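Asks: Input: one structure, supplied below.
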Amino acid sequence: MDPRPRSALVTGANRGLGEAVAAGLHRLGLRVVVAAREAAAAREVADRLGANAVPVALDVTEDGTIRAAFQRVGPVDILVNNAGVLLDAGARPSSVPLDLVERELATNTLGAWRVAQAFLPGMLAEGWGRIVNVSSGTGSFSNGIFAGTPGYSVSKAALNALTVMLAEETRGTGVLVNAVNPGLVRTRMRPGAEQAPEAAAEGVIRAATLPDDGPTGAFFRGSRVISW
């Protein structure tokens with residue numbers, strides 16, 4: 001057996017749900033890469049976590065920072081695409097400023113896609129990996145696409161589609177790709193939500209540490225697989 005501890009990279013790990021996921025994975029004994037747009041913010045969280053926590057500056061909308069992060073930390077076993085923005089709350093689909101939609105898609109969908117493309121090859125080479133995309137019920141057709149955050153909802157629906165495609169491409173390789181709907185979480189994005197980040201992180205951590213016979217291409221809410 002490989003004595004090397006598993007490693008995990010969490011984007012948007014400098015606060016809220018991302019920080020809670022990074023802390024939970026660290027408690028499980030993983031080497032955790034704390035990724036954030038600002039190096040100082042990533043370093044602050046990594047210092048709190050202690051040994052085997054590595055800070056890295058990574059802006060999911062910038063290819064150059066993703067390449068630089070990969071060169072610094074190397075391949076990882078687990079990728080949690082948590083970085084996200086909500087910019088159009090209360091807008092209508094018929095009149096939402098499309099520059100806001102573009103920014104949401106750039107971060108929430110294409111950002112996760114970019115980071116996955118950078119780190120997935122290393123997982124395939126090792127024959128083991130987990131990718132978890134932090135999604136939302138706003139982008140779920142079974143739940144009802146939420147029109148009150150039109151660009152955000154579209155970006156999460158597209159992220160769900162990406163999850164399914166990557167899972168199908170990697171099926172049978174030892175890499176599992178899934179999405180998680182954490183529900184409403186008390187973060188800077190939703191300060192009035194009742195659920196603490198630590199509670200919401202449990203479902204993300206569970207998906208990130210699935211056994212080898214676990215599902216791929218699934219949408220989780222907590223420990224349950226739900227419909228897209």
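Asks: Tally time: how many residues in the range 1-38 are at pLDDT 95 or above, of a type in the set (A, V, I, L, M) and not in a helix (DSSP H, G or I)?
Replies: 11
Asks: Quick check on the range 148-156. Is at least one of its residues over 27 Å from LEU100 (Cβ atoms), part of a helix (DSSP H, G or I), under 17 Å from the mean Cα position of the chain (by Cα) and among the basic types (Lys, Arg)? Walk me through how you get there before you give the answer.
Replies: The first filter runs over the range 148-156 and keeps only residues over 27 Å from LEU100 (Cβ atoms), leaving none.
No.
Asks: Right, another one. Looking at the range 200-221 only, could you name the residues that are out of contact with any Asp or Glu (no Cβ under 7 Å at 6 or more places or on another chain), touching a residue at least 12 places away in the same chain (Cβ under 8 Å) and in a loop (DSSP other than H, G, I, E, B)?
Replies: Once the filter is applied, which keeps residues that are out of contact with any Asp or Glu (no Cβ under 7 Å at 6 or more places or on another chain), touching a residue at least 12 places away in the same chain (Cβ under 8 Å) and in a loop (DSSP other than H, G, I, E, B), the range 200-221 yields THR209, LEU210, ASP212, GLY214, PRO215, THR216, ALA218.
Asks: With respect to ALA23, determine if the residue is buried (at least 24 other Cβ atoms within 10 Å of the Cβ) and closer than 21 Å to PRO182 by Cβ.
Replies: Details: buried (at least 24 other Cβ atoms within 10 Å of the Cβ): no; closer than 21 Å to PRO182 by Cβ: yes.
It is false that ALA23 is buried (at least 24 other Cβ atoms within 10 Å of the Cβ) and closer than 21 Å to PRO182 by Cβ.
Asks: Pick from GLU38, GLU44, GLU62, GLU102: which is free of Cβ contacts under 8 Å to residues at least 60 places away in the same chain, under 26 Å from GLY183 (Cα atoms) and surrounded by fewer than 19 Cβ atoms within 10 Å (Cβ to Cβ)? Even if it seems obvious, please write down each step before you answer.
Replies: On the way: GLU38 fails: under 26 Å from GLY183 (Cα atoms); GLU44 fails: under 26 Å from GLY183 (Cα atoms); GLU62 fails: under 26 Å from GLY183 (Cα atoms).
Exactly one of GLU38, GLU44, GLU62, GLU102 is free of Cβ contacts under 8 Å to residues at least 60 places away in the same chain, under 26 Å from GLY183 (Cα atoms) and surrounded by fewer than 19 Cβ atoms within 10 Å (Cβ to Cβ), namely GLU102.
Asks: Do we find that SER135 is small (Gly, Ala, Ser), in contact (Cβ under 8 Å) with a residue 12 or more places away in the chain, in contact with a Lys or Arg (Cβ under 8 Å, 6 or more places away or on another chain) and under 21 Å from GLY203 (Cα atoms) in this structure?
Replies: Numbers: small (Gly, Ala, Ser): yes; in contact (Cβ under 8 Å) with a residue 12 or more places away in the chain: yes; in contact with a Lys or Arg (Cβ under 8 Å, 6 or more places away or on another chain): yes; under 21 Å from GLY203 (Cα atoms): yes.
Yes, satisfied.
Asks: Inspect the range 114-126 for any residue being in contact with a helix residue (DSSP H, G or I) (Cβ under 7 Å, 6 or more places away or on another chain) and not hydrophobic (A, V, I, L, M, F, W, C) and give the result as yes or no.
Replies: yes
Asks: Would you mind stating whether THR187 is within 21 Å of ALA91 (Cβ to Cβ), buried (at least 19 other Cβ atoms within 10 Å of the Cβ) and without any contact (Cβ under 8 Å) to a residue 60 or more places away in the chain? If you could, list the steps in order and put the result at the bottom.
Replies: On the way: within 21 Å of ALA91 (Cβ to Cβ): yes; buried (at least 19 other Cβ atoms within 10 Å of the Cβ): yes; without any contact (Cβ under 8 Å) to a residue 60 or more places away in the chain: no.
It is false that THR187 is within 21 Å of ALA91 (Cβ to Cβ), buried (at least 19 other Cβ atoms within 10 Å of the Cβ) and without any contact (Cβ under 8 Å) to a residue 60 or more places away in the chain.
The values are calculated or read from the model by the stated rules, or taken from the named source; none is laboratory data. The model shown is predicted, which means the values in this text are computed figures rather than measured ones. All Cβ positions, even for glycine, are placed from backbone atoms using ideal geometry, and neighbour counts span all protein chains on display.
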